[in-house]
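Asks: Here it is, the structure, as structure tokens.
Only the coordinates and a few stated rules stand behind these numbers; no lab work does. In this text the structure is predicted, and so the values were computed from the model without any measurement. Heads up, the Cβs are rebuilt from the backbone with ideal geometry, glycines too, and the neighbour counts pull from every protein chain shown.
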Amino acid sequence: MALEKRDLYRFPWSKNDNPIAWLEVTDICNLQCEGCYRQRLTGHKPLEEIKEEILFFKRWRNPDNVSIAGGEPLVHPQILDIVAFIAENGIKPILLTNALTLTPEFLHELKRAGLAGFTFHIDSHQGRRGWENRNEAGHNELRQHYADMVAVEGGLITVFNSTVYPSTFHEIPEVVRWGQANVDRVHGLVFITYRVLATDVNVAFDSESAQVDPGQLSYSTEHFSEDFVTSPEVYRMIKDRFPEYEPSGYLGGTVRHDSVKWLAGAMIGSKHGFYGAIGKKTMELAQIGHHLFNGTYLAYPGELSSVRAVFLLSPWDGTLRQAARRWLADVVRHPRRLFDRLWVQTIGIIQAPDVQPDGLADMCDSCPDMTVWNGTLINSCRMDEYRLFGGLLRAYERSDMESALTASSPGRVPEQAR
Ligand code: SF4
């Protein structure tokens with residue numbers, strides 16, 4: 001079945017009322033991931049500047065959580081103070097980390113400081129020493145190591161991100177299978193499709209229409225000839241192997257009406273497998289209800305004390321009803337499973353910016369990962385364009401531009417392409 005936006009709930013998030021704020025505490029990292037958006041330009045941010053940004057988010061973003069990102073945030077020398085300051089301000093601090101420096105003792109300190117959870121970024125294109133020859137399935141062992149470490153500490157949200165490359169796309173089901181087997185300790189999986197600007201076929205212009213070298217950006221490469229993976233393709237890949245998978249919410253694109261930039265589903269399952277998912281009505285109720293009672297929308301649901309209670313919404317939600325029926329049928333076949341605990345595990349898919357023929361990039365509409373730069377909110381995935389060129393670039397296929405450029409003043413973007 002094709003993805004239909006009308007069958008999904010469009011998250012009500014906006015620039016000023018969004019469950020996520022993206023805080024970059026450093027651009028230093030101890031890995032060199034192929035899909036990284038950031039390069040080292042300035043180093044660790046001072047604590048006072050970070051506190052100001054957190055207060056800025058509180059005022060202008062109304063976040064439920066602050067995603068503490070980088071670079072690698074765990075290498076910031078004041079990371080415990082940063083976590084504590086976010087928690088003191090009534091916001092959930094979530095660390096986005098490669099976990100290279102994480103130990104059980106460090107983890108314990110982070111929790112004591114008020115940490116709400118982790119999003120671990122682990123995939124097979126990070127060049128981790130000792131893991132170079134492992135594929136995505138092989139990296140499940142590393143995912144397990146960190147999932148178990150957090151489970152021993154307890155009381156923390158645990159999500160795993162991975163970048164999806166054309167070469168690793170077919171391995172997504174192996175990661176989902178691993179997540180399903182760990183439904184008691186993994187609260188979410190996120191698949192982010194890889195995007196890069198190939199400098200052999202693209203040219204770029206800054207906001208003053210002057211030609212610039214996009215090769216300075218970390219998200220550029222000399223040559224890339226493979227087809228980018230899209231969100232609907234990732235959805236299809238998961239759906240074919242796990243028919244119970246149903247997304248319930250989405251964000252579209254800023255340019256294209258038909259793009260799906262964020263797609264989120266919340267699966268219900270036990271250690272025996274997924275029974276199904278919540279549908280768009282339950283997702284809507286969760287977002288509106290959280291906003292009504294807590295004042296913020298929700299991105300990280302955490303652990304529910306009773307997932308069975310969610311089944312009470314089945315009369316209004318056909319997707320949820322199917323999950324409840326599958327669970328009941330399983331209990332009839334295996335009566336002792338009536339007492340097995342049920343869990344919710346989210347599966348998210350993100351399609352990174354796509355450059356369009358008019359030079360603009362199709363971004364995530366109501367981008368959840370906005371950060372602050374020079375006192376304003378910008379998309380974090382493109383911050384290096386601001387840092388290097390003072391603003392967003394436009395990119396065009398070189399072949400389209402060369403003839404137009406010779407007819408215009410050389411080195412400037414021609415009028416018809418602005
Ligand atoms: S537009 Fe926002 S949500 Fe989308 S990839 Fe960029 S930073 Fe992430």
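Asks: Using only alpha carbon pairs under 8 Å that are at least six residues apart, calculate the relative contact order of the chain and give it in whole percent.
Replies: Rounded, it is 19 percent for the chain.
Asks: Follow-up question, since we're still on this one. Work through the residues other than Gly114 whose Cβ is under 13 Å from its Cβ and net out their charges, Lys, Arg +1 and Asp, Glu -1.
Replies: Combined, the nearby Lys, Arg, Asp and Glu give 0.
Asks: So who's got an amide H within less than 5 Å of the one on Thr346, skipping anything under 5 residues away but keeping other chains? H placed 1.01 Å off N, in plane.
Replies: Under 5 Å from the amide H of Thr346: Gly188, Leu189, Met267.
Asks: Another question, then. Suppose R0 equals 22 Å. What FRET efficiency, 1/(1 + (r/R0)^6) with r the Cβ-Cβ distance, do Leu55 and Ser14 give to the nearest 0.05?
Replies: With a Förster radius of 22 Å, E is 0.65.
Asks: Pick from Asn161, Asn202, Asn98: which residue has the top mean-square fluctuation in a GNM of the chain where Cα pairs under 10 Å get a spring?
Replies: Fluctuation is largest for Asn202.
Asks: Under a cut-off of 22 Å between alpha-carbon atoms, report the lysines in cross-link reach of Lys5, not counting same-chain residues fewer than 8 places apart.
Replies: Lys15, Lys239, Lys261, Lys280, Lys281
Asks: So how do Lys5, Lys92, Lys111 line up by other beta-carbon neighbours within 10 Å, fewest first?
Replies: Neighbour counts put them in this order, fewest first: Lys5, Lys111, Lys92.
Asks: Connecting C-alpha atoms closer than 10 Å in a GNM of the chain, tell me which of Glu284, Glu246, Glu48 has the biggest fluctuation.
Replies: Glu48
Asks: Also: So which aspartates and glutamates pass the test for Lys58, namely a Cα distance under 13 Å, with those fewer than 8 places away in the same chain ruled out?
Replies: Hits, sequence-local ones excluded: Asp17, Glu88.
Asks: Another question about this same structure. Placing +1 at every Lys and Arg Cβ and -1 at every Asp and Glu Cβ, with all other atoms neutral, what dipole size does the chain have around its Cα centre, in debye to the nearest 20?
Replies: In total the dipole reaches around 1660 debye.
Asks: So if I place +1 on the C-beta of Lys and Arg and -1 on the C-beta of Asp and Glu, and nothing else carries charge, what would the dipole magnitude of the range 237-299 be about its Cα centre? I want it in debye, nearest 20.
Replies: 80 debye
Asks: Also, I was wondering about something else. Provide the per-residue ³J(HN,Hα) series for the range 133-138, in order, calculated from phi with Karplus coefficients 6.51, -1.76, 1.60 and θ = phi - 60°, each as a whole number of Hz, with x at glycine and proline positions.
Replies: 9, 8, 8, 4, 4, x
Asks: Projecting each Cα onto the charge dipole of the chain (Lys/Arg +1, Asp/Glu -1 at the beta carbon, about the Cα centre), which of His76, His272, Asn379 comes out farthest on the positive side?
Replies: Selected residue: His272.
Asks: Same structure, new question: Once the other residues with Cβ under 10 Å from the Cβ of Leu313 are scored (Lys, Arg +1; Asp, Glu -1), what is the net sum?
Replies: +1
Asks: By DSSP, what percent of the beta bridges with both residues in the chain are antiparallel, rounded to the nearest 5?
Replies: 50 percent
Asks: Another one. Hey, what do the phi angles of the range 365-380 turn into as Karplus ³J(HN,Hα) couplings, whole Hz, using 6.51/-1.76/1.60 and θ = phi - 60°, x for Gly and Pro?
Replies: These are the phi-based 3J(HN,Hα) values: 5, 6, 2, x, 9, 7, 10, 9, 9, 6, x, 9, 8, 9, 5, 4 Hz.
Asks: Fully extended, how many nm does the chain gain between Asn89 and Ala198 (0.36 nm per residue separation, minus their Cα-Cα distance)?
Replies: 35.0 nm
Asks: Specify the residue with the greatest mean-square fluctuation among Ala116, Ala99, Ala286, computed from a Gaussian network of the chain linking alpha-carbon atoms under 10 Å apart.
Replies: Between Ala116, Ala99, Ala286, it is Ala286 that shows the largest mean-square fluctuation.
Asks: Quick query: amide H of Asp362 versus all other amide H atoms, modeled in the peptide plane; which residues come in under 5 Å with a sequence gap of 5 or more or a different chain?
Replies: Placed amide hydrogens put Asp354, Val355, Gln356 under 5 Å from Asp362.
Asks: Kindly state, to the nearest 0.05, the FRET efficiency for Val255 paired with His170, given R0 = 35 Å and r defined as their beta-carbon distance.
Replies: The formula returns an efficiency of 0.75 here.
Asks: Over the alpha-carbon set of the range 256-332, divide Rg by the Kirkwood Rh and report the Rg/Rh ratio to two decimals.
Replies: We get a ratio of 1.01 for the range 256-332.
Asks: Rounded to the nearest 500 deg cm²/dmol, what is the calculated helix-only ellipticity per residue at 222 nm for the chain, with -39500 (n - 2.57) per DSSP H run of length n ≥ 4?
Replies: Calculated from helices alone, the mean residue ellipticity at 222 nm is -8500 deg cm²/dmol.
Asks: Turning to a different aspect of this structure: What full-extension length gain, to one decimal in nm, is calculated for Ala210 and Thr376 as 0.36 nm per residue of separation minus the Cα-Cα distance?
Replies: 57.4 nm
Asks: I'd like to know how the chain sits against the 2.2 N^0.38 Å rule of thumb: what's its Cα Rg over that expected value?
Replies: Normalised by 2.2 N^0.38 Å, the Cα Rg of the chain equals 1.00.
Asks: Starting from the coordinates of the alpha-carbon atoms of the range 38-85, obtain the Kirkwood hydrodynamic radius over all distinct pairs and give the value in Å to one decimal.
Replies: Answer for the range 38-85: a Kirkwood hydrodynamic radius of 11.6 Å.
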